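Contents: one structure, followed by commentary.
The values are calculated or read from the model by the stated rules, or taken from the named source; none is laboratory data. Bear in mind that the values here come from a model prediction, so they are computed numbers and not experimental data. Note that each Cβ is placed from the backbone with ideal geometry, even for glycine, and that neighbours are counted across all protein chains shown. Just the protein is used for accessible areas: all its heavy atoms, side chains included, with ligands, DNA and RNA removed. Shrake-Rupley method; radii C 1.70, N 1.55, O 1.52, S 1.80 Å.
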Amino acid sequence: MRPPAALQLELMRRAIALSAERMREGLGGPFGAVIARDGMVIACGHNQVTSAKDPTAHAEIMAIRRACKALDSFSLAGCEIYTSCEPCPMCLGAIYWARLDRVYYANTRAEAAAIGFDDARIYQEFQAGIDDRSVPLIRFGSEEANLVFQEWLAKPDKIPYSRLRWGDHELLVRVIEERFVTSHAGSVRPEQMWKTFFCENVKGIPTKEYFVSRILPRPRDLVFFVKAAMATAVNRNHTIVSQQDILDSEKQYSQFAFDSTRSAPGGMVNVSPCQ
C-alpha cells in the first residue's frame, strides 16, 4: 500500500532534515535516507563516511542496515526508501539486493556532482569492458574458489538470497512450527500443531493464516503473538486456543509491535526522531 502524498512529503522532508542536521554536526556529507513501510518509519540513515572512517557508510546503506536489523530480515520487500539525493551506484546496488519496492529521491546525481560528489566515473567504469577499467581486475585461483561454490550449491540447509523474504507466509509459519516441535521434544509433528492445539478458524480465516496476516513480517512478531494466545488459553483453562483467546491476545501483540517499532532506529513518524 503506497502512503498518501502528504505522508510521502513528510517522509522526504525527514530525510532532507536529517541530511542537514548531521552535516551541520560534522558527521558526514549532506545526505539522509528514511526507510518506511505503509507510511511507518522503519529506520533512518545519514552519511557517516568521514566520521566513521568508512567509505561505504552512505545514508542509504546505513538506513538499509538499520532497517534489516529492526525487521530481523535481510529482505526489505514491502518497504520504500526516501533519500535526499539520487543513490550512487553502490547504494543503488544495495537497494536492489535489499529488494526495496521503490526509491524516492530529491537532489539528482548531477546536482551532487556540482558540489563535489561526482560518481559519473563509476557509472562509466560499469560500461567499460572488464579489461578497460581503471582499477585492474585480475582473476586467478578460480578452481579452488569454485569448489566452495559447488559445496554451497549442494548444501541442503542453505537460505537462498534470491528467494527468502519474511513476507512469505510459509517461511514465517515454519519458524513457529519448528520452535513448537522442539519445545515438545518432537512428540508433535508440524502439521499436527494447528489441528491439535488451535481452533480451526479465526473470523472465517484459517488460524495460521490469520496469525501471519495480522503481524509485521518478522519471526519474533509471530512467536510473540502465538505465545501470547497460548498463554491466554492456559490461563483460561482452555484445552485448545480459541478464537477469543487469539483476538484478545492480538491486543497484546499490537502493543508489542508498537513498542518494538518505536524503539527501533528511526522510530515512528511524529513519535520518535531518526537516530
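Need one value: the accessible area of residue 68 in square angstrom, 1.4 angstrom probe, rounded to the nearest 10.
30 Å²
Please work out how much accessible surface residue 157 shows to a 1.4 Å probe, ignoring ligands, DNA and RNA, in Å² rounded to 10.
Result for residue 157: roughly 110 Å² accessible.
Determine the share of the chain's accessible area contributed by carbon and sulfur atoms, expressed in whole percent, with a 1.4 angstrom probe.
Values: 8940 of 16040 Å².
Taking all protein chains in place, the chain shows 56 percent carbon and sulfur surface.
Compute the signed sum of charges (Lys and Arg +1, Asp and Glu -1) over the other residues within less than 14 Å, Cβ to Cβ, of residue 133.
Working: positive: 121, 139; negative: 125, 131, 132.
Result for the neighbourhood of residue 133: -1.
When Rg and Dmax of the Cα atoms in Å is calculated directly from the model, which label among [x] 20.9, 66; [y] 17.5, 55; [z] 22.9, 73 fits?
Computed from these coordinates, Rg and Dmax of the Cα atoms in Å corresponds to label [z].
When Lys and Arg each count +1 and Asp and Glu each count -1, what net charge do the other residues less than 13 Å away from residue 57, Cβ to Cβ, add up to? Walk me through the numbers on the way to the answer.
Values: positive: 22, 53, 65, 66; negative: 54, 60.
Surrounding charge for residue 57 is +2.
Under a cut-off of 28 Å between alpha-carbon atoms, report the lysines in cross-link reach of residue 251, not counting same-chain residues fewer than 8 places apart.
Qualifying lysines at Cα under 28 Å: 69, 195, 203, 208, 227.
Give me the percent relative contact order of the stretch 67-115, please, defined on Cα pairs under 8 angstrom at least 6 residues apart.
Details: 54 pairs, mean separation 21.0, N = 49.
The normalised contact order for the stretch 67-115 reaches 43 percent.
Per residue, how large is the accessible surface of the chain? Use a 1.4 angstrom probe and give square angstrom. Could you put the intermediate results ahead of the total?
Working: 16040 Å² over 275 residues.
Roughly 58 Å² per residue, with all protein chains present.
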